[in-house]
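A short write-up of the structure that comes next.
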Amino acid sequence: MESYKRQKIIKIVREIGYSGNKYQINGIVLTKAIFFIKKGKELFKLIANGDYTITTEGTNTFIVINNAILDGVLSLQIGYELNTLSGKYEVNSDPDINILKDKYNTLVDDFKNLWDYVQKQTLVSDTLSMELILPKLENGETWVYKDNEMKATPLIVAEAELQKLLDELVQNSQGVLDSYTEVLKINIEDQTKIFFEDNKKEFLNKTEIRKEINYVTGTEYKETNIFGIDLKSIVAGETYYNSTKSYMAIETAYNSNGFLAPDTENFIDITNKNLNEEISELKGSYYAPIHSLAGTFPINSWVNWVVHDSMATHVMIVLEVVGIGIGSYPVPLKFLQWGVDYHYNIECASKWFAIRNHQGIIQVICLSNSAGLQVVKLAKAFFYK
């Protein structure tokens, strides 16, 4: 659709950002006013006479626009269409000075209106060498200055030219960056070599590092204690090395193929990191020996044994059936809380032993023992977490 402004001179007198369908237009000459709306990236389009009304409220004047045409509108524009009012003054006799004056003033008004329009709304060149003649644009084209003149070119071509310039800029920048990086790398390598040469006497070699580790662990350094095919024998308590990482043997053992690498069966990692982890795990543990009834034969009725230890989660009981066998039995203390005087049964070599929590006192009984028959011994016990 052709723009209403084509081949017309529309002097813009006011633009208002979209804020609904009603706008105050005090001061606008309604007999000259033309109203436009703008959507998105489009040109301002004329509002048809049937799509708006002019109202007055007291001393204020408003334009009310039909909501049906306002979807996507960004702004409202008000303009006056400028037309020349002056004309030739042709006479066959002496001119009338008053008519001449009026004609002249009309011409001046036309000129002033035109000059005001040119100042505010036309393109202005910043130099005498600016090309002012513009070719017609087809759909999807833009103007590009090339070969000393303005040319119409498809926008996709302009984008391609811009991308070409950007690619060249990136390539040149990358070349500069690569050169700088290479120079920086060489400088760092040179400075590192100089620093090492100046301070190499202060650095420990691998053997000296291993000796320091042995000193800390309290063991004697042996040059042969290095993992590989030549390490065929290990001694419990001695330190062995996989490069500079240290391991302590926990078994004395022999391997005809050599101990090529540390394993968890024969070695323990004694690096600071591993030891700290081991210590952290131990910090949450708990142990408390139980001396009461240790080494005795509990009778076949309930006997007060020990006060419940709230710090522990288990009690370990070691029972011995005389002449037959011995066994260790961890008892979760929470099992003893299941009910009033709930008792937990333990079988050792077909003999029975029981334990319960009676009002905070842990009691034991051994039904297999009697006054004349002592077969199940409470060998040892302790609380733990």
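The values are calculated or read from the model by the stated rules, or taken from the named source; none is laboratory data. Computed from a predicted structure; not experimentally measured. Glycine gets a Cβ as well: all are built from the backbone with ideal geometry, and neighbour counts include every protein chain shown.
Here is a check on your reading of the model: is E223 modelled with pLDDT under 85 and exposed (fewer than 11 other Cβ atoms within 10 Å of the Cβ)?
yes
Being aliphatic (A, V, I, L, M) and either under 21 Å from D341 (Cα atoms) or buried (at least 17 other Cβ atoms within 10 Å of the Cβ) (or both) is the filter here; which residues of region 362-383 pass it?
Answer for region 362-383, where residues must be aliphatic (A, V, I, L, M) and either under 21 Å from D341 (Cα atoms) or buried (at least 17 other Cβ atoms within 10 Å of the Cβ) (or both): I362, V364, I365, L367, V375, V376, L378, A381.
Keeping to region 349-385, report how many residues are without any contact (Cβ under 8 Å) to a residue 60 or more places away in the chain and touching a strand residue (DSSP E or B) at 6+ places or on another chain (Cβ under 9 Å).
Residues flagged as without any contact (Cβ under 8 Å) to a residue 60 or more places away in the chain and touching a strand residue (DSSP E or B) at 6+ places or on another chain (Cβ under 9 Å) within region 349-385 amount to 13.
One line per residue, one yes/no per condition, for (1) within 19 Å of D71 (Cα to Cα); (2) without any contact (Cβ under 8 Å) to a residue 24 or more places away in the chain:
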| position | (1), (2) |
| --- | --- |
| R6 | no, yes |
| I12 | no, no |
| N21 | yes, no |
| A33 | no, no |
| E42 | yes, yes |
| I47 | yes, yes |
| Y52 | yes, yes |
| T55 | no, yes |
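Which of (1) outside the structural domain of F36 (by TED's automatic domain parsing); (2) surrounded by 13 or more Cβ atoms within 10 Å (Cβ to Cβ) is the odd one out, the single condition K88 does not satisfy?
(2)
What number of residues within region 301-339 are without any contact (Cβ under 8 Å) to a residue 60 or more places away in the chain, among the β-branched types (V, I, T) and surrounded by fewer than 17 Cβ atoms within 10 Å (Cβ to Cβ)?
5
Please verify whether region 114-131 includes one or more residues that are surrounded by fewer than 12 Cβ atoms within 10 Å (Cβ to Cβ), more than 30 Å from E149 (Cα to Cα) and in contact (Cβ under 8 Å) with a residue 24 or more places away in the chain.
No.
Considering each residue of region 132-149, count those that are farther than 16 Å from A160 by Cβ and basic (K, R), and give that number.
Final tally of qualifying residues: 1.
Can you tell me which residue is farthest from A379 (Cα to Cα) among those in region 301-333 that are in contact with a Cys (Cβ under 6 Å, 6 or more places away or on another chain) and modelled with pLDDT of 85 or more?
Among those residues, the one meeting the criterion is V321.
Take region 88-131 and flag every residue that is basic (K, R) and over 24 Å from V13 (Cα atoms).
K88, K101, K103
Residue-by-condition table, conditions (1) assigned to a loop (DSSP other than H, G, I, E, B); (2) hydroxyl-bearing (S, T, Y); (3) under 24 Å from N105 (Cα atoms):
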{"site": "E15", "(1), (2), (3)": "no, no, no"}
{"site": "I28", "(1), (2), (3)": "yes, no, yes"}
{"site": "I34", "(1), (2), (3)": "no, no, no"}
{"site": "L76", "(1), (2), (3)": "no, no, no"}
{"site": "G79", "(1), (2), (3)": "no, no, yes"}
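Residues in region 147-159: is at least one of a type in the set (S, T, N, Q) and more than 30 Å from V29 (Cα to Cα)?
Checked against the condition, which is being of a type in the set (S, T, N, Q) and more than 30 Å from V29 (Cα to Cα), region 147-159 yields at least one hit.
Anything in region 327-356 that is among the small types (G, A, S) and outside any strand (DSSP E or B)? List them, or say none.
Once the filter is applied, which keeps residues that are among the small types (G, A, S) and outside any strand (DSSP E or B), region 327-356 yields G339, A349, S350.
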